[in-house]
Amino acid sequence: MKKTILLFFLLLSTAIFAQQQTVTYAINPSPFEDTTSITITINGSSINESTWGVSGNALYLWSWSYNVSDAAQMDSPSNGSWTASNEASKFTYNAGTDTYTKTFVPSVYFNRSGIGRMGFLVKAKDGSGGKQSQDILVEVGSFQATLTAPAENSASIIASGSNFTVSATNTNGAASYTLKANGTTINTNAAASAYSFSHTNITSNQSYELSIVQGATTILKKFSVIVNPNTVSAAMPAGLVDGINYNAADATKATLVLDAPLKDFVYVAGSFNNWQPSSAYAMKKDPASGKFWLEITGLVSGVNNTYQYWVVDATPLANSPSLVKTADPYSTLVLSPYDDAGIPSASYPNMPLYPTGQNFEVTVLKTGQTPYNWQVTNFTKPEKDKLVVYEVLVRDFDAARSYQSLIDKIDYFKNLKINAIELMPVMEFEGNESWGYNTSFHMAPDKFYGTSEKLKELIDLCHQNGIAVILDVALNHAFGRNPMVRMWMNDPDGDGFGSPTAENPYFNMVAKHSYSVGEDFNHQSLKTQNYVDRVIKQWIQEYKIDGFRWDLTKGFTQACTAGDESCTNKYQQDRIDVLRKYADYSWSLDPTHYTIFEHLGSDSEEQQWANYRIAETPSKGIMMWGKMTDPYNELSMGYVSNISRMTSGSRGFTANRLMGYAESHDEERLMYKNIQYGASNGTYNVKTLNTALSRMSAIGAVSLLIPGPKMIWHFGELGWDDSIFTCNDGSVNDSSGTISGDCKLDTKPQPQWVENWLGNSDRNKIYNDWAKMITLKRTEPVFLGTPTIANASSLSVNIKITNANLASTQLKDVLILANFGLTAQNVATGFQYTGTWYNLMDNTTINVTDAAAPINIPAGEYRIYGNKQASLAIADFEKGNTVNLYPNPVSEYFTLNVSTAKVQIYSVSGQLVKSFVTYGNADFQFSVTDLTTGLYLVKAVDENNKTQVMKFIKK
């Protein structure tokens with residue numbers, strides 16, 4: 001049970017997963033009926049609460065029950081959530097006897113009758129990170145039956161023509177026995193306390209059900225026989241890949257390929273054979289590659305089929321199963337018996353139904369699918385140096401928690417002027433309420449957020465608006481439902497889940513790095529590398545994804561051990577080589593693909609990726625996540641800090657490949673810490689909400705405008721001030737300033753929409769100021785220049801940016817000043833030269849006669865000065881559209897509804913691409929047939945030199 005419920009695992013750099021504890025217990029009375037009041041007693045000496053971080057003897061019962069008639073399983077409604085157990089499930093601690101007790105009536109506690117078995121475990125209130133005991137199963141009722149041969153729920157492997165014996169006993173007197181095979185009754189015994197029957201000459205797979213009846217109670221025992229089909233060796237047709245191969249010429253056919261080394265034979269069971277595969281569905285084996293393959297025929301175009309592989313090892317390792325029923329590792333759509341019931345129909349309408357009577361995930365196969373009709377087929381990605389990435393957790397962006405939420409709010413992104421969205425993992429993960437790093441199927445979108453078509457619609461819409469889409473991918477590890485874990489696993493308790501064995505060709509038995517989470521991929525294995533390549537190809541070619549943010553790249557080494565932090569953080573050549581290989585493959589499919597690593601490691605190793613292939617055209621180089629949360633948070637709170645490492649050059653990167661950020665999903669919110677721990681001088685108090693908010697525009701100025709790619713964590717631009725450790729109940733798991741993080745993964749509230757933060761002038765100012773800064777960064781070539789950060793350890797920040805490639809008649813020099821103190825300060829300047837300088841936020845001017853003269857800046861404020869006005873003036877850029885452009889999107893030409901003197905067209909990167917002189921002709925047609933597809937800016941100037949800027953999409 002513990003492996004099939006939702007576990008909210010988080011990829012934390014300091015995550016340590018405690019071992020499950022074995023508890024001793026007693027149940028009184030025993031035996032008992034489901035209507036009997038029972039008491040479960042746990043021996044306190046068998047639990048070490050401190051290893052779970054438990055205080056106050058706060059232990060909880062997590063329980064589930066099985067129906068006696070059909071073994072249907074149901075969690076207790078009293079459980080609560082895995083990370084926040086209900087108080088109704090709390091044990092009572094008895095100090096005198098050092099025991100924990102819980103008394104209840106099963107039929108009441110589970111809100112069901114006819115219970116034949118119940119299961120439970122003991123856990124901390126937050127059970128994440130292994131804070132739980134072993135599973136305990138208890139029979140319910142005075143009438144019990146035992147299957148003595150074979151084991152219940154077992155799959156016995158036999159040779160064709162063999163006999164098979166079934167035997168059982170029962171308590172409480174005589175009972176009636178009925179044995180069915182594949183749904184047909186083959187034997188009965190009307191009145192006996194013991195049963196035995198031999199099924200002879202078995203030549204096909206059998207699914208057995210033994211029904212044992214006493215009075216009004218029926219107990220079912222299920223088990224199966226798998227016949228060895230003596231695998232046929234046959235050459236696999238050329239051009240096939242692992243997974244589903246659709247037949248382009250014949251929608252009634254599809255060929256399945258499975259790479260399963262060391263396995264003896266494989267059946268394909270599915271809706272097309274009523275989940276009872278005959279020898280016709282035994283996969284053949286290719287003698288050259290060793291892969292299993294089978295062509296499925298008789299399919300109907302446009303109809304959903306579901307299937308699993310029945311993978312058999314006739315002589316498995318100890319504690320490993322002979323038979324594993326698993327979905328396809330290369331599934332692009334999977335159905336889950338654990339998660340699908342919790343997916344809203346509004347998010348995923350007409351979702352295929354999970355097949356009745358099956359277990360574990362199944363793969364969906366559908367021939368004759370209509371390809372998505374992409375509106376943008378040749379999207380031009382924003383330059384790396386100009387990227388402003390908006391990191392989004394779909395679950396917490398909007399209360400609807402769907403791709404549609406992002407589609408509906410596309411204007412929110414457009415108006416903020418960001419040019420890339422990074423989605424936290426959306427590949428099929430375990431559970432629904434997750435951050436997504438507990439991925440099990442890397443090629444299948446998770447259904448909780450919506451359909452595959454809806455995800456493509458979101459990507460397409462972003463591309464129509466000049467916004468790239470980046471996926472966060474967790475390929476350091478996979479979780480227990482992953483087929484490549486399950487096909488070679490230790491499973492001593494026989495529940496169908498376990499950890500990798502020594503035979504597993506994809507995963508390490510023990511993580512080879514100190515940041516272990518889930519099961520650790522062995523990236524030196526060619527099979528793992530081939531799998532990763534297929535994942536890359538799927539998302540680039542099928543979804544037109546513009547880039548990947550690779551999670552936890554420190555784990556891609558085989559050189560360390562789970563407990564060796566120093567080794568994990570050292571320079572590791574095997575890690576450098578394999579990650580370069582993955583980048584090379586991505587660029588072979590898309591030369592402008594963004595490759596971003598979350599390494600957070602030593603500069604020497606990160607330089608190997610950041611400087612890799614940058615001299616090519618187009619320039620490559622891997623972007624590195626640059627965590628700068630602490631330095632920027634110190635400034636926002638009013639304490640001396642050093643932000644010099646926000647530049648690529650400070651880390652030895654030849655090009656701007658540092659994706660610096662002040663906030664990310666893994667770090668505490670700046671605003672929360674401002675309010676909790678901000679400085680105060682009695683008059684000016686950072687802990688005051690509006691004061692703290694007023695400082696966030698300055699944070700944007702000294703972060704977003706530093707040359708190179710930058711990132712925003714969603715709603716930082718509105719001053720999000722709820723802690724990242726906010727729990728489901730609204731409380732914050734923060735005690736005396738020490739954040740334990742138990743609620744980090746909890747679903748967050750949505751005050752930004754409910755309270756209309758955009759309508760709040762203090763929050764809206766941050767949004768608008770950051771939008772202006774992002775506009776400058778994207779459109780002004782000076783921000784491709786070289787930054788110099790003076791006063792590195794100070795409350796006064798001084799940043800100079802110069803682009804020596806620009807002429808003196810252009811905006812080529814910028815000076816950014818900020819005062820993060822608590823009083824107005826004369827901030828040192830050091831203008832590059834004297835003369836007229838422009839405040840780039842409002843285009844007001846100052847006359848600089850002394851380049852070194854300080855400027856007085858109020859507490860928490862900033863200034864951005866340039867030697868020239870911005871070519872696309874901010875004030876004009878933000879005007880409402882009083883001038884209308886028609887049509888939009890544009891195919892050949894557009895017109896304007898007003899007379900103009902001059903019209904200029906700019907690319908989204910700020911380059912002038914066309915210019916027109918209209919001489920006031922109101923009927924002028926502006927031809928754009930020579931422009932490539934994409935988003936453009938139009939600057940229209942009238943005879944009074946008033947300017948209007950608008951956008952259009954070229955088809």
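Details
- Taking the criterion of being over 11 Å from S320 (Cα atoms) and β-branched (V, I, T), the residues of region 491-518 that qualify are V510, V517.
- Residues (assigned to a strand (DSSP E or B), surrounded by fewer than 21 Cβ atoms within 10 Å (Cβ to Cβ) and hydrophobic (A, V, I, L, M, F, W, C)) located in region 205-224: V213, L220, F223
- Number of the exception - D385 against (1) at negative phi; (2) in a loop (DSSP other than H, G, I, E, B); (3) in contact (Cβ under 8 Å) with a residue 12 or more places away in the chain: (2)
- Qualifying residue in region 434-447 (condition: farther than 30 Å from S516 by Cα and touching a Leu at 6+ places or on another chain (Cβ under 7 Å)): no
- P344 falls short on exactly one of the conditions (1) within 20 Å of the chain's Cα centre (by Cα); (2) touching a residue at least 60 places away in the same chain (Cβ under 8 Å), and that condition is (2).
- Region 270-341 holds no strands (runs of 3 or more DSSP E) entirely within its bounds that carry 3 or more residues that are surrounded by 14 or more Cβ atoms within 10 Å (Cβ to Cβ), over 34 Å from the mean Cα position of the chain (by Cα) and not assigned by the TED database to the domain that holds S207.
- Some residue of region 666-678 being within 31 Å of the chain's Cα centre (by Cα), closer than 23 Å to W609 by Cα and in a loop (DSSP other than H, G, I, E, B): yes
- Residue within region 762-773 that is of a type outside the set (K, R) and more than 20 Å from M671 (Cβ to Cβ) present: no
- The numbered conditions (1) assigned to a loop (DSSP other than H, G, I, E, B); (2) crowded, with 21+ Cβ neighbours inside 10 Å are all true for G56 except (2).
- Here is the figure for region 359-370: residues that are at pLDDT 95 or above, under 25 Å from the mean Cα position of the chain (by Cα) and either over 27 Å from S434 (Cα atoms) or in a loop (DSSP other than H, G, I, E, B) (or both) total 2.
- Residue in region 606-615 that is aromatic (F, W, Y) and touching a helix residue (DSSP H, G or I) at 6+ places or on another chain (Cβ under 8 Å) present: yes
- Restricted to region 820-845, and to residues there that are touching a residue at least 60 places away in the same chain (Cβ under 8 Å) and touching a strand residue (DSSP E or B) at 6+ places or on another chain (Cβ under 6 Å), the residue that is nearest to R695 (Cα to Cα) is M841.
- So S113, is it surrounded by fewer than 16 Cβ atoms within 10 Å (Cβ to Cβ) and either touching a Phe, Trp or Tyr at 6+ places or on another chain (Cβ under 7 Å) or at pLDDT 95 or above (or both): no
- Test: residue in region 186-203 that is in contact (Cβ under 8 Å) with a residue 40 or more places away in the chain, of a type in the set (V, I, T), out of contact with any Asp or Glu (no Cβ under 7 Å at 6 or more places or on another chain) and buried (at least 20 other Cβ atoms within 10 Å of the Cβ): no
- L455, sole failed condition from (1) of a type outside the set (K, R); (2) part of a helix (DSSP H, G or I); (3) in contact with a Gly (Cβ under 7 Å, 6 or more places away or on another chain): (3)
- Among (1) in contact (Cβ under 8 Å) with a residue 60 or more places away in the chain; (2) in contact with a strand residue (DSSP E or B) (Cβ under 8 Å, 6 or more places away or on another chain), the one test that K687 misses: (1)
- Some residue of region 102-118 being without any contact (Cβ under 8 Å) to a residue 60 or more places away in the chain and either over 30 Å from D746 (Cβ atoms) or in the same structural domain as Y437 (by the TED database) (or both): yes
Matching residues to (1) touching a Pro at 6+ places or on another chain (Cβ under 9 Å); (2) under 24 Å from M711 (Cα atoms):
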{"residue": "D762", "(1), (2)": "no, yes"}
{"residue": "T775", "(1), (2)": "no, yes"}
{"residue": "K800", "(1), (2)": "yes, yes"}
{"residue": "L806", "(1), (2)": "yes, no"}
{"residue": "Q825", "(1), (2)": "yes, no"}
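- Just one of the numbered conditions (1) at positive phi; (2) outside the structural domain of N438 (by the TED database) is not true of S697: (1).
- Some residue of region 167-183 being free of Cβ contacts under 8 Å to residues at least 60 places away in the same chain, among the polar types (S, T, N, Q) and under 30 Å from K291 (Cα atoms): no
- Hits in region 135-157 - residues which are part of a strand (DSSP E or B) and crowded, with 16+ Cβ neighbours inside 10 Å: I136, V138, E139, A145, L147, A155, S156, I157
- Single match in S89, S85 (criterion: touching a strand residue (DSSP E or B) at 6+ places or on another chain (Cβ under 7 Å), of a type outside the set (V, I, T) and touching a residue at least 40 places away in the same chain (Cβ under 8 Å)): S85
The values are calculated or read from the model by the stated rules, or taken from the named source; none is laboratory data. No experiment lies behind these values; they were computed from the predicted model shown. Quick reminder, even Gly has a Cβ in these numbers, built from the backbone with ideal geometry, and neighbours come from all protein chains shown.
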